[in-house]
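For reference, the structure discussed in these notes is given below.
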Amino acid sequence: MVQAKNVDGEHKVILKSDQEKARKIREKQDIALVGLRRTIEANKVEKLKKSLHLIDFPKQNQHIKFVSSYSEVKESAAAAKKEQSEMLDALDQTPVPAKDP
């Protein structure tokens, strides 16, 4: 391939080998591929972070309970408190792997 340019008013012909051009094209493609993979991996990380939000805790469903007296409210509150303390005790008893120094 021939490339020409004017230098100090003179017409100069510059020859470039096909290998050099092919190398430059490969370098540009490599850089583009690395950038593409980087954005794909960043998107994967973001999706994983969103799905792992509060994964350690059980899902707290919200139930509406209709009661007819104040004593039923007290009973349901006591049962909910007991259930919550049992879950916290279970979390405290889970073994934690030891870290190697």
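The values are calculated or read from the model by the stated rules, or taken from the named source; none is laboratory data. Given the structure is predicted, the values throughout are model-derived calculations rather than measurements. All Cβ positions, even for glycine, are placed from backbone atoms using ideal geometry, and neighbour counts span all protein chains on display.
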Practice item. For Lys59, indicate whether it is loosely packed, with under 10 Cβ neighbours inside 10 Å, at pLDDT 80 or above and charged (D, E, K, R). Key: no
Review point. Any idea which of (1) modelled with pLDDT of 70 or more; (2) surrounded by 10 or more Cβ atoms within 10 Å (Cβ to Cβ) is the one Ser68 doesn't satisfy?
Key: (2)
